Amino acid sequence: MAHLNVQLANLSVRVDRIDARLDRVERRLGLIEARAPDRIPDDQTMTRPTIAKTDAEQAIAATWTDVKDRLPGPAPLAARREAAFRRFEAAGLPSRRVEEWKYTDLRALMRDAKPLAQPPGEIGKVRARAAGAVLAGVDVRRVVIADGVLLKELSDLDGLEPGLVVGSLADALTRGDSEVTSRLGAQSPAEKDVAFALNTAFMGDGVVIRVSPGVKIARPIHLVFCFTGPVPATVFTRSLLSVGAGAAVTLVESHEGPDGLDYQVNTALEIVAADGAEIDHVKIGLEGGSALHVSTLTAALGRHVQMRDLTVALGGAAVRNQAFVRCDGTGTTVGLHGATMLRGRQHADATLVVDHAIGGCVSREIFKGVLDGESRSVFQGKTIVRPDAQKTDGKMASHALLLSETAEADHKPELEIFADDVVCGHGATAGALDDDLLFYLMARGIPKKEAETLLIQSFVGEAIDTVTNEGIRDALTAAATRWLEARE
Amino acid sequence: MSLLEIKNLQASVEDRQILRGVDLVVNPGEVHAIMGPNGSGKSTLAHVLSGKDGYEVTGGSVTLDGIDLLSIEPDERAAAGLFLAFQYPMEIPGVATMTFLRTAMNAQRKKRGEPELSTPEFMKRVREEAKNLSIDPEMLKRPVNVGFSGGEKKRNEVLQMALLQPKLAVLDETDSGLDIDALKIAAEGVNRLRSPERGMIVITHYQRLLEHIVPDIVHVFSRGRIVRTGGKELALELEAKGYADYEQEAAA
């Protein structure tokens, strides 16, 4: 048996080498990779033949032993945390050999795992107070989560609209709020994902939001997530949003932290929407330049739900935004959009799984990436149409604008269609700014830089303009403009 | 002083010489027509004047109002008073026509040290000029040239010219792809812009445009240079006899 293990280990080393060689060849061939997945494990949690655990994996295991008895929640939840941790332990951190993580090798990216963050001190709170400035001037209800802890004194929790509940996850778990614990115990669309399992194992605090049936909340809720330092640490936050039948809400998350600090964030938001609910969700990624950020969005949607989602990825060294959306009821429309703007050696991955579990739903994905320097963007969009999900209308588009010779965009659209009466499609492009368009603008007197800015703004504008709230949309446009102005 | 002076201009594309010594002087108030067969280098001249990438100037000089055009960028040439009406105006998805017009006008004003136009002043000018050219104001809210017909695109070029008020306008095959009604509207727009201070170069293959924009001077362009110059009657002669003579002459 020992002999066999060694052989397997050798084999996996060879596979790695071949993979690395393939990668080099592919990169030489062009900037786009859009080929069919070569290996899809049935279950990415299957035990890996590799033996050696990385430093990060060992550190995570040590942290688990250290903190597991102190994590909030009643016994059934503790068991669930334990099961989630075991799933991680069996699979390890996802690497390039796990198809879903092929382009974002978390195992390689995470050289170490930082200790769990401590609640912020006085200086941290001062920083937290200033966080979320991206929406300055927009009328929102601010909820501040600093270093993984909801800070009530910095949050705007007074005068909640009738039918709206906003509270701390840690409080709910400590209290044994049965609605929350049963939700966290339920089957999630992200069930098999290891990063999400880690979040389940370690989640400490977050925000629990409930909107009662029929209640329409006009004022957007802004979850201000920030890491304040002063030393690198790991943050696990989990938030829940449940929207009752016919209710409506706009939820914005922003994530930020200091540059030059290699902190790690694992954040998750679970959305459950009852029939006829209307949800606008915007996530703004502004993490510090050395941060690792892994985010999971799950959504289980009832009938005739309208969900609009936009992920703006601007910050961080390595970012993974994954979304698992399941349409459980007919007549539902989901829009998943993204605007990614990267420079330097930044890496951002948008991985989407839209599961049409039932027919008669519409899904739309528009992702725009602007890539400068040696940055890299990844788009993986999977649309699943179950056998009986007839009349499904699913379309995805991912477009990358490469501003430098060394930037890279990887697109991997996947359609898994088991029904025969559907309209599904995808499109992917990658290219430079059009010289003829630039010349046209310059011939009218517009300087080159300004002409480029105009073209890039219009390119990402298609994604940003999907946000219905005018104030938020303008704030995002301004954030994109600031990114462009910082271009060399 | 003459407005535009082109002296012995030579240019090549990928080592292939296209312009072989162009000499041309345009004085303020003059409208020059450049006629010539396809492939004679007429459009290359327009592109070289406006500074498009991909052309290498291998000799000669160009000055506009005394400014050396060849040493400055396309946007600076525009601010110096040069305007090129494109043969194929570009479609720019996502950029509203109004935003484009305003950005262009203010960029030029800024370069000339003039204050930016106020919103009401800008709107007033755009509305006036759009009305003159029978352009539906709704069209100006749409992205630049996207979904515009051939005639609408050319009218949009003339609108830009009217707003930017250049010293020298180069119209590259403004008649191509237009029916007679669209041609008339565009030509009327151009004629309104004729003035004692402004020069124009109308590049065309056919004489028909010159019935509507009547030139002062007509040049025949062949094999990368001007081979004959005359009055407006020269255009009629070309219409009758074709370009065959000149192609042989240049080849000889």
Residue order, fewest to most surrounding Cβ atoms within 10 angstrom, among B:SER222, B:SER2, A:SER182: A:SER182, B:SER2, B:SER222
Nearest-20 debye value, the protein assembly as shown charge dipole, Cβ charges on Lys, Arg, Asp, Glu: 900
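Which percentage, to the nearest 5, of the DSSP beta bridges contained in region B:4-251 is antiparallel?
Antiparallel: roughly 55 percent of the beta bridges in region B:4-251.
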Set the Förster distance to 45 Å, then compute FRET efficiency between B:SER176 and A:ASP421 from the Cβ-Cβ distance, nearest 0.05. 0.45
Which ³J(HN,Hα) values, rounded to whole Hz and listed in residue order, are derived for region A:280-292 from phi using the Karplus coefficients 6.51, -1.76 and 1.60 in 6.51 cos²θ - 1.76 cosθ + 1.60 with θ = phi - 60°, glycine and proline given as x? 10, 10, 10, 10, 10, x, 10, 4, x, x, 10, 7, 9
Skipping prolines and chain starts, which residues have an amide H placed within reach, meaning under 5 Å, of the one on A:VAL282, given they are 5 or more residues away or on another chain? A:LEU251, A:VAL252, A:GLU253, A:LEU310
Hey, what's the Cα Rg ratio for the protein assembly as shown versus the globular rule of thumb, 2.2 N^0.38 Å? 1.16
Label point at A:ALA83 placed 7 Å out along Cα→Cβ; residues across region A:194-216 whose backbone nitrogen lies under 17 Å: A:194-203
Cross-link table B:LYS131/B:LYS167; B:LYS7/B:LYS42; A:LYS448/B:LYS124, entries beyond 19 Å C-alpha to C-alpha: B:LYS131/B:LYS167; A:LYS448/B:LYS124
DSSP loop GluC sites (Glu not before Pro) in region B:72-130 with at most 13 other Cβ atoms within 10 Å of their Cβ, which ones? B:GLU116
To the nearest 0.05, what FRET efficiency results for A:LEU433 and A:ASP158 with a Förster distance of 51 Å applied to their C-beta separation? 0.60
A:THR181, A:THR267 arranged by Cβ crowding within 10 Å, fewest neighbours leading: A:THR181, A:THR267
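Given region A:235-363, what whole percent of its Cα pairs are spread farther than 26 Å?
That tail contains 24 percent of the Cα-Cα pairs.
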The answer for the net charge of residues other than B:GLU211 whose Cβ lies under 11 angstrom from its Cβ, with Lys and Arg +1 and Asp and Glu -1, is +1
Helix B:180-192 against the longest principal axis of chain B: what's the angle in degrees, Cα atoms only, rounded to the nearest 10? 80
So, with points 7 Å from each Cα along the Cβ direction, the A:GLU488-B:ALA240 label distance in nm works out to 6.6
Tell me the Kirkwood radius of region B:121-207: reciprocal of the mean inverse pair distance over distinct alpha-carbon atoms, in Å. 13.4
Please compute the contact order of chain A in relative form: average sequence separation of alpha-carbon pairs under 8 Å and at least six residues apart, divided by the residue count, as a percent. 10
Compute the label zone of A:ALA245 within region A:271-301: residues whose backbone N is under 15 Å from the point 7 Å along Cα-to-Cβ. A:273-278
Crossing angle, helix B:97-111 versus chain B [Cα axis fit, 0-90 degrees, rounded to tens]: 70
Applying a 4.7 angstrom Cβ cut-off across chain A, unpaired cysteine residues come out as A:CYS226, A:CYS424
Enumerate the calculated ³J(HN,Hα) couplings along region A:429-444 in order (Karplus 6.51 cos²θ - 1.76 cosθ + 1.60, θ = phi - 60°), each rounded to whole Hz, writing x wherever the residue is Gly or Pro. 9, 8, x, 8, 4, 6, 4, 5, 5, 4, 5, 4, 5, 5, 5, 9
Relative to the compact globular guide of 2.2 N^0.38 Å, what is the alpha carbon radius of gyration of region A:124-201, as a ratio? 1.34
What is the helix-to-structure angle for B:119-132, meaning the angle in degrees between its Cα long axis and the longest Cα principal axis of chain B, kept from 0 to 90 and rounded to the nearest 10? 50
Along the dipole axis of the protein assembly as shown (charges at Cβ: +1 for Lys and Arg, -1 for Asp and Glu; origin at the Cα centre), the most positive-end residue among B:GLY39, A:GLN306, B:VAL25 is A:GLN306
Residues with amide H under 5 Å from that of A:ALA430, placed H, sequence gap 5 or more: A:ALA400
With 5 Å bins from zero, work out the P(r) of region B:21-142 over every alpha carbon pair and list the percent per bin. 2, 8, 15, 19, 18, 16, 13, 7, 2, 0
Proxy exposure order for A:LYS391, B:LYS167 (fewest C-beta within 10 Å first) is A:LYS391, B:LYS167
Determine the principal axes of the Cα atoms in region A:379-488, then give the extent along each, sorted from largest to smallest and rounded to whole angstroms. 56, 35, 24
Computed over region A:208-305, the Cα gyration tensor eigenvalues, each multiplied by 5 and square-rooted, give semi-axes in Å (largest first) of 31, 12, 9
Using modelled backbone amide H atoms (1.01 Å from N, in-plane), which distant-in-sequence or interchain residues come within less than 5 Å of B:VAL95's amide H? B:VAL144
All other residues with a Cβ under 10 Å from the Cβ of B:LEU3 taken together, and with Lys, Arg as +1 and Asp, Glu as -1, what is their net charge? -2
I need the calculated FRET efficiency for the pair B:ARG194 and A:ALA136, taking r as the beta carbon distance and R₀ as 51 Å, to the nearest 0.05. 0.45
Local electrostatic count at B:GLU56 - Lys and Arg +1, Asp and Glu -1, tallied over other residues with Cβ under 15 Å: 0
Go through region A:250-259 residue by residue and turn each phi into a ³J(HN,Hα) via Karplus (6.51, -1.76, 1.60, θ = phi - 60°); whole Hz please, and just put x for glycine and proline. 10, 10, 10, 10, 10, 10, 8, x, x, 6
Give, as ranges by residue number, the residues of region A:358-376 whose backbone N falls under 12 Å from the point 7 Å along Cα→Cβ of A:THR406. A:372-376
Please state the equivalent ellipsoid semi-axes for region B:4-251: what are the square roots of 5 times the Cα gyration tensor eigenvalues, largest first, in whole Å? 30, 21, 16
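Since every read-out is calculated from the coordinates, none of them should be taken as a lab result. On a predicted model such as this, the values are computed, not experimentally measured, just so you know. Virtual Cβ from ideal backbone geometry, glycine too; neighbours counted across all protein chains shown.
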